[in-house]
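Every number in this text was worked out from the coordinates using simple rules, so none of it is lab data. Fair warning: this is a prediction, and the values are worked out from it, not measured in the lab. Note: ideal-geometry Cβ built from the backbone for every residue, glycine included; neighbour counts use all protein chains shown.
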Amino acid sequence: MGIRKKLDDVAGKVCEAVLPIKHEYHLGMGKELAICTLSSMDLLEKLSKSDPVMNKIAIAGRLLSENRGIDAMIKFALDHPELRRIIVCGKEVKGHRAGQALLALARNGIDRNGRIVGALGPYPILESPAGDVDAFRQQVEILDMIGTTDIEKLLVA
């Protein structure tokens, strides 16, 4: 592991301690649809307070990293085989480009080192086994609505 990666990991831990983010995700009553709000925490909160939305979706959550966050998303999807679509919306994560990495994963998969092919973030390396990544890619369709924060537009997707 490089020194820069170690420093970034330490900085991330400090940020979590100093500026804790209240909710990473909210579970809904649906089964087939998930909404990923990237760094738009206000959008995530609005979605969580909308009964029509939460009755329709399995989960609404944020995605801040191009590695651990995507690994967690893969695990959730595989643990919920009914999940078929993930809407990626909200503001992209500066620097990490988590949304772009998720779209690249859907299109291109990973190389033999676990790196997401075509991802532009600094550390798009997954720990998920290649078989899990392939299963995730076959199970779910990723809908690119990056930049969209209007709940009404998300529900039409």
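Brief remarks on what is shown
- If R0 equals 22 Å, the separation of the Cβ atoms of Glu82 and Lys56 corresponds to a calculated FRET efficiency of about 0.95.
- Between Ala130 and Asp150, the C-beta separation translates, for a Förster distance of 35 Å, into a calculated FRET efficiency of about 0.45.
- Electrostatic tally near Ala130: other residues with Cβ closer than 13 Å to its Cβ, Lys and Arg +1, Asp and Glu -1, net -2.
- Distance between modelled label sites at Lys46 and Glu24, nm, 7 Å Cα→Cβ extension: 2.5 nm
- Separation of the Leu64 and Lys31 label points, Cα + 7 Å toward Cβ, nm: 3.3 nm
- Flagged links, alpha-carbon separation over 23 Å, of Lys46/Lys91; Lys31/Lys94; Lys56/Lys153; Lys46/Lys75; Lys49/Lys91; Lys75/Lys153: Lys31/Lys94; Lys46/Lys75; Lys75/Lys153
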